[in-house]
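Reading through the structure tokens given below for one structure.
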Amino acid sequence: MALLKLEDVKKVYHQGKIDVPAIRGITLEIEEGEFTTIFGPSGSGKTTLLNIIGCLDKPSAGEIYYNSSKRLSELTKNELADFRRYNLGFIFQGHNLIPVLTAFENVEFAIRIIDKHTQKERKQKVLDILESVGLGGLEDRRPNELSGGQKQRVAIARALVKNPKLVLADEPTANLDSETSEEVLDIMLKMNQKLGTTFIFSTHDPQVMKYAKRLIEIRDGQVTRDERGEDIDVPH
Amino acid sequence: MFLTKLAIKNLFRHKKRTIVTALVITLGIFIFLVSDSLMVGLRDISLNNHLNLQTSHLQVMNTNYWEEKDEFPLDNLINVNEELENNLKSNEEILKATPRLYFTGTVNNGQEEFPITAVGIRPETDNEIINLSDYILKGEMPKEGNSAILGKPLADLMGFEVGDYITLLFKTKEGTFNTIDAELTGILDTPNPQINEYQIFMPLSLVQNSLQLDNKASKYLVKLDNREQALSITNNLNQEFENHEGNLRAYNWEKLSQEILAMVRQGDIENLVMLFIIIVLAAVGVINTIILSALERLEEIGMMKALGLKVREIIYIFVIESACIGTIGSFFGVIFGGVGVYFLYNIGISISAMTGGETTFGIPIAERIYGGWNPEAFLFIFFFGIIVSVLASILPARWGAKKDPVKAIHHK
């Protein structure tokens, strides 16, 4: 069953009197548990598409269905916030951790706002996820006491701690060296396999694309390639 | 709770900014409390001086005299008689009553003259109400016959010493000039500069004879148990006076202290101005801080919205931060204000140091102004500081929280 279904989604930005189309009618389905990479050159519409899928931005036209039934365009701003709170995880290019909170607290933030765990459960979940991303023992460190790779792992842990159905990652390795990028991608893949979480991430790095189980290419706001499989031909 | 904890931790991101904003609120509150204390002190001392040394609790006079009382006319006077005094004293709450006769003239030392107000008093009964004898600096109260007392500043101005003879020049009721030569038996130093500088006290009989106003007085000064009784007793007396169809009327101290009470009202307005200054100081400080914080944290705001935080939850974080800054600022404002008021209350401020001894601005206070304690003001301003901080933060917090999450995340 498709976790996510996009039907002829379009996005046009208005710059003064000029209309700039960013997405020109994309239709696709994302299955539950997929590890999908959206790639394409800068300005092709990758980030815009992720923002629309993540309900951070609204499409100018078209429809998005979640779990085949929920029409996201019908939700109010508060309902969209709740939808993100309970169903989505985000990993940003610039980790966006809160500097005054420790690694533990940054991760805890994502489940504190859900209110369905006891303090004990919450603590265990946070410690487990930090352990899973290789940050066991570093939970009391603040972001300024962590390396770039460690910060991104905290961001991954924050995205995953509430067991979301879908994690969206916008160029999650853009600010990392190749070795750290591979570590981060290994973790994401491991979590995809372990928890069954659906991952969609954008990149233009061929090294990152190698990890993908599905590769979607976007050019000028349109899908120009969509392949699934273990041995996808990765562009160089 | 987690958002509250986050808000408190945010205070430590830019400690200097937090401290400066809190200090601005502290300063505003300090200024308000000191100003309020001075106003309370000024009001209390002024009213007490006015009551104890000039008006007493109520006065009885002719209604027509009341209209022109500030010019001390020699018309529409009342008769000094035992019947009226007994009538007044028959009222249980009335402790004492004494007649006074006021007139204007000039005092002369043989070389120069100075305008004064002369007051004819019956020393034995007057002293039971006004207690001028407590303020005799040199000599003694005037005795029957040609004797007088006056304030030290006037004595210094005219070069008078105890034992000197002073000459008063004045017009009688008929408009003819007359003089009184009286021996200066004492020099006064009261806390009321208006008495010290402009008034001369002489025996009532001397004044009556010199003005050819036998058995007449401008008014009766009446002393009660306490000033709170003044209004009801005034009403009772006026009822009696109306029944006798005379022109006598009683006037309570509030009627007689309009200028002082106007000053009190002026003080209230000054407090409002101070409050406005505090609102502006606190609001500008808090708005500035919240806008800066929101701008610095745009990416975080975007991330929080992506995580599912609602606009009101993000506003809550900023509002709690402001409430904490307001609480810190208000707390220290109240502490420093308390120290300031303590010094004002116990040590006071020298008026001559403030004015160079040139003027008293018409305030019936000599030497020092002392502050008053007003616990309600402390309580009020503490919460006021917090409330203003919270209210001032809502709009900038809303501005930050309503930022488009996409633009917020990618704003760099």
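Every read-out reported here was derived from the displayed coordinates using simple, explicitly stated rules and does not represent laboratory data. Worth saying up front: this structure is predicted, and the values here are computed from it rather than measured. Every residue, glycine as well, gets a Cβ built from its backbone with ideal geometry; the counts of neighbours run over all protein chains shown.
Amide H contacts for A:GLU32 (H built 1.01 Å from N in the peptide plane; partners 5 or more residues away or on another chain; cut-off under 5 Å): A:LEU3.
When all alpha carbon pairs of the stretch B:100-222 are counted in 10 Å bins from zero, the resulting P(r) reads 14, 52, 31, 4 %.
The H on the amide N of B:GLY105, modeled in the peptide plane, is under 5 Å from the matching H of B:ILE116, B:ALA118, each at least 5 residues off or on a different chain. Going by neighbour counts of Cβ atoms within 10 Å, the residues A:PHE104, B:PHE12 line up, fewest first, as B:PHE12, A:PHE104. Counting only residues at least eight positions apart within a chain, or on another chain, the lysines with an alpha carbon under 30 Å from that of B:LYS219 are B:LYS69, B:LYS89, B:LYS96, B:LYS138, B:LYS143, B:LYS152, B:LYS171, B:LYS173, B:LYS255. Averaging the Cα positions of each part gives two centres, and for the stretch A:105-158 and the stretch B:182-217 these lie 89 Å apart. Using C-alpha pairs under 8 Å with a sequence gap of at least 6, the mean separation divided by the residue count of the stretch A:194-233 gives a relative contact order of 29 percent.
Between the Cα long axis of helix A:119-132 and the first principal axis of chain A there is an angle of about 70°, rounded to the nearest 10. Normalised by the number of residues in the stretch B:100-222, the average gap of Cα pairs under 8 Å and 6 or more apart makes the relative contact order 36 percent. Once you order the gyration tensor axes a ≥ b ≥ c over the Cα atoms, which shape class does the stretch A:76-183 get: rounded for a/c under 1.5, otherwise prolate or oblate by comparing a/b with b/c? Taking the square roots of the gyration eigenvalues as a ≥ b ≥ c, the stretch A:76-183 is oblate.
So, in Å, what gap is there between the alpha-carbon centers of the stretch A:87-104 and the stretch B:260-291? Going from one Cα centre to the other spans 43 Å. Angle of helix A:178-195 to the longest C-alpha principal axis of chain A, folded into 0 to 90 degrees and rounded to 10: 90°. Cross-linked pairs A:LYS10/B:LYS403; A:LYS58/A:LYS116; A:LYS77/B:LYS403: Cα-Cα separations exceed 19 Å for A:LYS10/B:LYS403; A:LYS58/A:LYS116. Straight-line cross-link reach from A:LYS123 at under 25 Å between alpha-carbon atoms covers these lysines, not counting any fewer than eight positions away in the same chain: A:LYS151, A:LYS162, A:LYS165, A:LYS190, A:LYS194, B:LYS5, B:LYS9, B:LYS305, B:LYS310. Considering all different alpha carbon pairs of the stretch B:34-179, the Kirkwood hydrodynamic radius works out to 17.7 Å.
Sequence-distant contacts, meaning Cα pairs under 8 Å at least 6 residues apart, place the relative contact order of chain A at 28 percent.
Among complete DSSP H helices in chain B, those whose alpha-carbon atoms stretch at least 30 Å along the helix's long axis and whose mean Kyte-Doolittle hydropathy reaches 0.5 are B:15-50, B:258-296, B:311-346, B:375-401. Taking amide H positions as placed 1.01 Å from N in the peptide plane, with prolines and chain starts having none, which residues 5 or more places from A:GLY94, or on another chain, fall under 5 Å of its amide H? Result for A:GLY94 returns nothing. Restricted to Cα atoms, the protein assembly as shown shows a radius of gyration and a Dmax of 42.7, 130 angstrom.
Rg and Dmax of chain A, both derived from C-alpha coordinates alone, stand at 17.6, 55 Å.
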